[in-house]
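Below you'll find the structure, written out as structure tokens, and then a few comments.
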Amino acid sequence: MKRKIFVAALLVCCVTVAFAAFADLTGKWKGTLKFGDNEIELNYTFKVDGENLTGSIGTGQGEFPITEGKIKGNDFTFSLDFNGNKIPNVGKYYGDSTIITQDFNGNKSKIKLTRIP
């Protein structure tokens, strides 16, 4: 009987820790996209709901919604529709920073994001 209670308590703790890892990505982030001699400041807003990721990306050209967002552990993916072009993004969450790799028409770029306090 004690073993069953211990196992049940352990499972509850593991689920709580896993959910907390997802929830930590929620919030505001900033980064800079560099290509050639150009730099674009980006502001991301992420919201995690279970394994779904939503939010938006703000640039000097406006706000763009995140679509098709998924999160699993510390890895996440989403798409961005920019002027009719679908841009897939793959990211890894590291606590107070993330690294996102974008693929825009075959050109891959990495963006390091830091949390905005």
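Residue-wise HN-Hα couplings along the stretch 109-117, as the Karplus relation 6.51 cos²θ - 1.76 cosθ + 1.60 with θ = phi - 60° gives them from phi, are 9, 10, 10, 9, 10, 10, 5, 8, x Hz; Gly and Pro carry x.
Rounded to the nearest Hz, the phi-derived 3J(HN,Hα) couplings of the stretch 51-58 under the Karplus curve 6.51 cos²θ - 1.76 cosθ + 1.60 (θ = phi - 60°) are 9, 9, 10, 10, x, 8, 10, x, where x marks glycine and proline.
Taking label points 7 Å from Cα along the Cα-to-Cβ direction, Tyr94 and Ser109 give a separation of 1.9 nm.
How charged is the neighbourhood of Phe82? Take every other residue with its Cβ under 15 Å from the Cβ of Phe82, and add Lys/Arg as +1 and Asp/Glu as -1.
Combined, the nearby Lys, Arg, Asp and Glu give -3.
Throughout, read-outs are computed from the coordinates displayed, never taken from laboratory work. These numbers were taken from a predicted model, which means no experiment stands behind them. Neighbour counts run over all protein chains shown; Cβ positions are idealised from the backbone, glycine included.
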